[in-house]
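The values are calculated or read from the model by the stated rules, or taken from the named source; none is laboratory data. Treat the numbers as computed from the prediction; the structure is a model and nothing was measured. Cβ atoms come from the backbone with ideal geometry, glycine included; neighbour counts cover every protein chain shown.
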């Protein structure tokens, strides 16, 4: 535009010739003549870009864009993925055409007035519905910042909420959370409303039809509630608990919650849930949530027994008496080495069962590559391999009673002390750990510590007490005392001697 103004000014005002202007500005005379006839800048690019190759594929691409606009942003295809899809449909054109079309479609769709969704106000009867959801929060447990999962429950009538935290979102946590929530509420509602997580729903069919997880259905059948799954990406179907997730993050996790253990955190969360029930009910402002909950409580089904919320794994015990679960190893009594056992994993514990009996119990670890051993599981191995007492992994940090630990230290300094201490441990099969602890204390007090001394103290502790006096009945009194008669011996010898 600047050059047009200069050409017109130099010709019409300064009366400069067309040839002189063209020479000085280094443009052609025809261009000078064209500029003299106009006052606006020339347009050298077309305003609308045609899509010659796209042609018949516009309808397909438009349909894809409209369908994916209803999906969450992270589930929509990029222009490149859409281009690849059109190529599969037979498109022979370039990617640029698809990219320009997608860009223009997004601009046009933003300028189109959006139609807001309309909803119907919902009313729930007491005891009818409870909504469930998970949220991800950041807390400080034992001085370590970590991301946790919080399970949220909300009774739809009274708005009474319950929140409990776990290290992760797994199926055993889902079942444990339901056990804790129903105990907290004092009963079970008729329906439970969920999203479609894999811990609850195996397959999503058309509409509301779902294939629920077999283990989860065992939970539902135990408590006799009806599970209802929402339509995918339709969070408004359980809007109460969706709103609760945002509110709880502000009320309970901001600023960051700091506790020594998960148990401390969950006790505090339960207390806060009771305290927050003193707020006014959002629909019945004349009453508090706690008052509405008292009205709803009689309609909740009473709990007969808690559900055994464990996940079972059949595993073979290794030659080192270990089973591997969740990237951690747990010990099993040595007599089960090489055999298949049932490992029942709960939200907090791990129980190992064989032949219908629990043979080992461990507190569950949520770290990785941990070795969790009970040294007593290896007692029969120590009987044959006493050298493992010094360097065996299960015995390095053995939490023994103080007196037994001191006796162990003294015995390991003696010749054949390993065998002596193992023999003492084997005594616990019959007498128990308490008798051995007392015997070690007595040996330490005497100042003489050896395997034989401690064993002697154990036997003295467990042998039955001797009676100091013998009470005899009058009927057992001796009436005629026997007389010494050596001739009787000779008589017996002569009468019974055989040549």
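Numbers for the structure displayed
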{"quantity": "Members of region 55-77 that are within 42 Å of the chain's Cα centre (by Cα) and farther than 25 Å from residue 231 by Cα", "calculated": "61"}
{"quantity": "Failed item in (1) in a helix (DSSP H, G or I); (2) at pLDDT 70 or above; (3) not assigned by TED's automatic domain parsing to the domain that holds residue 432, with residue 495 passing the rest", "calculated": "(2)"}
{"quantity": "Scope region 61-81; condition in a loop (DSSP other than H, G, I, E, B) and more than 16 Å from residue 95 (Cα to Cα); matching residues", "calculated": "69, 70, 71, 72, 76"}
{"quantity": "Yes/no for residue 332 being touching a strand residue (DSSP E or B) at 6+ places or on another chain (Cβ under 6 Å) and not assigned by TED's automatic domain parsing to the domain that holds residue 166", "calculated": "yes"}
{"quantity": "So residue 103, is it outside any loop (DSSP other than H, G, I, E, B) and either loosely packed, with under 10 Cβ neighbours inside 10 Å or touching a strand residue (DSSP E or B) at 6+ places or on another chain (Cβ under 8 Å) (or both)", "calculated": "no"}
{"quantity": "First in region 371-385 and in contact (Cβ under 8 Å) with a residue 60 or more places away in the chain, second anywhere and part of a helix (DSSP H, G or I) and surrounded by fewer than 17 Cβ atoms within 10 Å (Cβ to Cβ), Cβ under 9 Å, 6 or more apart", "calculated": "381/388"}
{"quantity": "The one condition in (1) modelled with pLDDT of 95 or more; (2) part of a helix (DSSP H, G or I); (3) touching a helix residue (DSSP H, G or I) at 6+ places or on another chain (Cβ under 9 Å) that residue 164 fails to fulfil", "calculated": "(2)"}
{"quantity": "Breaking point among (1) part of a loop (DSSP other than H, G, I, E, B); (2) surrounded by 11 or more Cβ atoms within 10 Å (Cβ to Cβ); (3) modelled with pLDDT of 85 or more; (4) within 60 Å of the chain's Cα centre (by Cα), for residue 27", "calculated": "(4)"}
{"quantity": "Residues being within 22 Å of the chain's Cα centre (by Cα) and crowded, with 17+ Cβ neighbours inside 10 Å - total across region 224-265", "calculated": "13"}
{"quantity": "Test: residue in region 168-180 that is under 22 Å from residue 243 (Cα atoms) and in a strand (DSSP E or B)", "calculated": "no"}
{"quantity": "Qualifying residue in region 238-249 (condition: within 21 Å of residue 129 (Cβ to Cβ), in the same structural domain as residue 154 (by TED's automatic domain parsing), in contact (Cβ under 8 Å) with a residue 12 or more places away in the chain and part of a loop (DSSP other than H, G, I, E, B))", "calculated": "no"}
{"quantity": "Test result for residue 449, at pLDDT 90 or above and outside any helix (DSSP H, G or I)", "calculated": "yes"}
{"quantity": "Close pairs (8 angstrom Cβ cut-off, 6 or more residues apart or separate chains): in the same structural domain as residue 422 (by TED's automatic domain parsing) and free of Cβ contacts under 8 Å to residues at least 40 places away in the same chain in region 442-458, in a loop (DSSP other than H, G, I, E, B) and buried (at least 17 other Cβ atoms within 10 Å of the Cβ) anywhere", "calculated": "443/449"}
{"quantity": "Any chance residue 187 is within 30 Å of residue 211 (Cβ to Cβ) and surrounded by 22 or more Cβ atoms within 10 Å (Cβ to Cβ)", "calculated": "no"}
{"quantity": "Answer from 441, 457 - the residue that is buried (at least 16 other Cβ atoms within 10 Å of the Cβ), under 48 Å from the mean Cα position of the chain (by Cα) and in a helix (DSSP H, G or I)", "calculated": "441"}
